[in-house]
1. Can you pull out every residue in the stretch 116-141 that is in a strand (DSSP E or B) and farther than 13 Å from GLY161 by Cα?
2. Residue by residue through the stretch 112-145, note down the ones that are touching a strand residue (DSSP E or B) at 6+ places or on another chain (Cβ under 7 Å) and open to solvent by 30 Å² or more (accessible area, probe 1.4 Å).
3. Pairs needed: first member in the stretch 271-293, closer than 13 Å to ARG5 by Cα; second member anywhere, buried (at least 22 other Cβ atoms within 10 Å of the Cβ) and among the acidic types (Asp, Glu); C-beta distance under 6 Å; at least 6 residues apart or different chains.
4. How many residues, within the stretch 16-36, are under 23 Å from PHE71 (Cβ atoms) and either touching a Ser or Thr at 6+ places or on another chain (Cβ under 6 Å) or surrounded by fewer than 22 Cβ atoms within 10 Å (Cβ to Cβ) (or both)?
5. Go through (1) without any contact (Cβ under 8 Å) to a residue 12 or more places away in the chain; (2) assigned to a helix (DSSP H, G or I) and name the single condition ALA193 misses.
6. Take the stretch 196-212 and flag every residue that is part of a helix (DSSP H, G or I) and open to solvent by 10 Å² or more (accessible area, probe 1.4 Å).
7. Considering each residue of the stretch 252-290, count those that are aliphatic (A, V, I, L, M), open to solvent by less than 20 Å² (accessible area, probe 1.4 Å) and in a loop (DSSP other than H, G, I, E, B), and give that number.
Amino acid sequence: MSKIRILDGGMSRELIRRGAELRQPEWSALALMETPDIVRQVHADFIDAGADVITTNSYALVPFHIGEERFRAQGAALIALAGKLAREAADDQPDRKVLVAGSLPPIFGSYEPERFDPARVQDYLSLLVEGLAPHVDVWLGETLSLIAEGDAVRAAVAATGKPFWISFTLDDGSEAPLDDPRLRSGETVAAAAAWAAGSGARALLFNCSRPEVMGRAVETASSVFHQQGTNIDIGVYANAFEAEEEGAANETLHGTRDDLTGDSYARFACDWVEAGATMVGGCCGIGAKHIHKLAHVLNR
């Protein structure tokens with residue numbers, strides 16, 4: 001079996017574990033403002049755990065979290081800092097090649113596809129791309145809820161010459177049909193995979209959804225790529241959120257599951273790899289200990 005590329009895990013809980021203060025609505029952006037050294041330490045923790053890719057702490061650097069006024073006044077500096085911290089951590093590994101992925105989040109809010117505004121999205125994405133570009137190896141549009149968000153990322157990074165990955169979040173509610181996986185917009189995974197096949201993306205990933213819904217999405221994407229003769233990597237990084245929690249992403253702190261230990265998460269990951277995934281990591285609530293277990297189990 002080819003080597004599985006190990007992604008990092010969720011930044012926010014590791015920041016808290018390291019002693020950073022996080023509060024809503026700024027969330028992980030607050031650590032860039034107040035304790036940037038801890039951000040760098042968390043990147044290093046994930047690398048030490050075995051991550052081949054670390055992701056910039058730029059997910060919350062959007063008006064949805066830090067407000068429009070602060071985004072305009074401080075956004076460029078904070079975005080550049082997020083890129084610099086990740087780059088420093090990656091480069092502090094003389095014997096390993098660690099990639100830095102530039103996080104390009106859903107501009108108008110996580111899990112809120114109805115708020116997407118195609119007339120305004122490039123205005124915000126352009127600032128993120130400009131600030132991160134000197135520091136990243138690959139772009140990662142992540143936690144995207146609809147195909148149009150993926151296409152906006154594709155357009156935003158086109159002139160940089162760097163490869164891009166697109167990661168969609170899935171409908172993982174109790175009513176979600178497991179045999180017909182869908183994005184949170186209601187669009188099918190099959191449609192998202194067909195879009196990805198023609199987009200120029202180097203990888204299609206699924207993130208920030210329960211691990212139970214990921215396997216069928218991987219199978220669906222793999223089938224579409226096989227039918228189209230497309231060679232695109234498939235990746236998964238699930239979250240550990242407790243099911244059916246209420247509250248917007250910038251209003252509350254979601255609880256995490258006690259049952260998703262390193263061992264149980266690794267068992268899910270083995271199933272994803274069996275279904276066709278070549279990249280595996282973790283999202284919210286999946287920490288460095290989980291990543292260490294993945295690296296050991298998947299590439300031993």
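The values are calculated or read from the model by the stated rules, or taken from the named source; none is laboratory data. Predicted model only: the values in this text are computed from it and were never measured. Note that we place each Cβ from the backbone using ideal geometry, even for glycine, and neighbour counts take in every protein chain shown. Quick note on the areas: whole protein, heavy atoms, side chains included, nothing else; ligands and nucleic acids left out. Shrake-Rupley method; radii C 1.70, N 1.55, O 1.52, S 1.80 Å.
1. Correct list: LEU140, GLY141.
2. Those that are touching a strand residue (DSSP E or B) at 6+ places or on another chain (Cβ under 7 Å) and open to solvent by 30 Å² or more (accessible area, probe 1.4 Å): HIS135, ASP137.
3. Cβ pairs passing all conditions: GLY281/ASP8.
4. 14
5. (1) is the only condition that ALA193 fails.
6. ALA197, GLY198, SER199, GLU212, listed by residue number.
7. Within the stretch 252-290, residues that are aliphatic (A, V, I, L, M), open to solvent by less than 20 Å² (accessible area, probe 1.4 Å) and in a loop (DSSP other than H, G, I, E, B) number 3.
Condition check ((1) of a type in the set (D, E, K, R); (2) in a loop (DSSP other than H, G, I, E, B); (3) modelled with pLDDT under 95) across all residues:
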{"site": "LYS3", "(1), (2), (3)": "yes, yes, yes"}
{"site": "GLU14", "(1), (2), (3)": "yes, no, no"}
{"site": "LEU22", "(1), (2), (3)": "no, yes, yes"}
{"site": "ILE38", "(1), (2), (3)": "no, no, no"}
{"site": "HIS43", "(1), (2), (3)": "no, no, no"}
{"site": "ASP48", "(1), (2), (3)": "yes, no, no"}
{"site": "HIS65", "(1), (2), (3)": "no, no, no"}
{"site": "ALA82", "(1), (2), (3)": "no, no, no"}
